Amino acid sequence: MKITEVEISVFEVPMYPALTDVVEITSQTQKKWKQSFSFSGAEAVPIQVMKVRTDEGIEGVSTVGDWRYTELSWQQILQLRDIAIGKDPLDKDFLLETLGVASRFFEPGWIGAFDNCLWDISGKYFGLPVAELLGVKKKKVQAYYNISGNSEEALFKDGDQALKKGYSVLKDHLSFSVEQNLEVFKNLRSYFGPEVGLMHDAALTNYTFKEALNVGERLTLENYIWFEEPLRDRNLNECRELVNLLNITVAGGETLMNEPDISKIWLDLNAFDTMRVNARHGSSNVLDLANYCALRNANVEPNSLGPLFGIIHAHLACAIENVEWFETSPPSNGTAIAKKSGCLILSFPRMDGLLILMGLDGVHNGTGTCLSMQGRRYYSFCI
């Protein structure tokens, strides 16, 4: 089997805003900045969709990135054409190694979509869902919901709606002042009670070390599941010190996800307890880091819905033993948005607090990643 063509189409999908605002934070001792990020559902984001076709009529499909890293440059596209066309898509190691050597000065992880397409082709070639091809470990994964709101009341309301849908674990992205965040953590626990799992993602806060320590101690007191992205990932020494001082699981490494070799170093140096991963940089990268973490009794946890609006992360979550959670992030109906825009038609895993992967329980008997693409595009081109 040989690769004959790579098609890249650009769809307009109403997802997250392409840009974030930066807001100044003032305190008695310093001035700093944080991201300001909101989702209105109205902004159209162009997303590239890649199809890798073969001479046996099998094709693999993946989005380029998720809602981030959504475009390949012309240099990357030309490099992909020169190396991939005419090669065997089942020889993933050769293709990924040669592309890696040839793209030394490209952004690490840029070949993620191509890697995902190769896995899709493999599943279809062998007649298996990718999760089964990888050796499925479970058919169900606990999903958690990201609550949002500009006030406590809005957070309570959003959380209540999630609980009605069947979720039992909620994650916040609070970006109030540190003092207000500390109070809200306590109030969220009081409102939802001890039976609901809670997580805090600090990606939008830009905590100082002292602030992160205070927050971590409060989260421990309120029995939160984890403290995510408490400090900037590359602030290695402070990350290590924080993990050493806190008694709560610290998850992080989102800015390292495109370079698993660096994530491995951070894990070995105890900068994080749990490593975040995203298959937008390639399923092979996720599998590699998952195996490494498993040997050290650590989890890898997929970040956001990931490529293909959650489909690829669904397969990986069911195939990797040391994945415990599936993240649904606003808009949690990413697949519905994609279908409405004409970007894809598929049977998506059922999502009511548990991710149930179709094809593993007799509901969907498709192979590969179980989807087809259609709809109006901005443009398409083949290489």
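The table below lists the values:
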| item | result |
| --- | --- |
| Leu170 long-range amide H proximity, modeled H, under 5 Å | Tyr145, Gly197, Leu198, Met199 |
| Karplus-derived 3J(HN,Hα), 6.51/-1.76/1.60, for each residue of segment 307-318, Hz, glycine and proline x | x, 6, 6, x, 4, 5, 4, 4, 5, 5, 4, 7 |
| HN-Hα J in Hz across segment 268-273 - Karplus 6.51, -1.76, 1.60, θ = phi - 60°, x for Gly and Pro | 5, 8, 6, 7, 9, 8 |
| Long-range HN-HN contacts of Glu5 with modeled amide H, under 5 Å | Arg53 |
| Virtual spin-label span in nm between Asp268 and Glu183, 7 Å along Cα→Cβ | 4.6 nm |
| Cα centroid separation, segment 186-233 to segment 252-276 (Å) | 20 Å |
| Peptides ranked, highest mean first, by Cβ atoms within 10 Å: ranges 142-148, 239-245 | 142-148, 239-245 |
| 3J(HN,Hα) from dihedral phi, segment 151-168, Karplus parametrisation 6.51/-1.76/1.60, rounded to Hz, x for glycine, proline | 8, 4, 4, 5, 5, 4, 4, 5, x, 4, 5, 5, 5, 5, 7, x, 6, 10 |
| Inter-probe distance in nm under a simple model that places probes 7 Å from Cα toward Cβ, at Glu153 and Lys138 | 3.8 nm |
| Distant-in-sequence amide H partners of Leu231 (H built 1.01 Å from N, under 5 Å) | none |
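We did not get these values from a lab; they are worked out from the coordinates using the rules stated. Just so you know, these numbers come straight off a predicted model, no measurement behind them. Every residue, glycine as well, gets a Cβ built from its backbone with ideal geometry; the counts of neighbours run over all protein chains shown.
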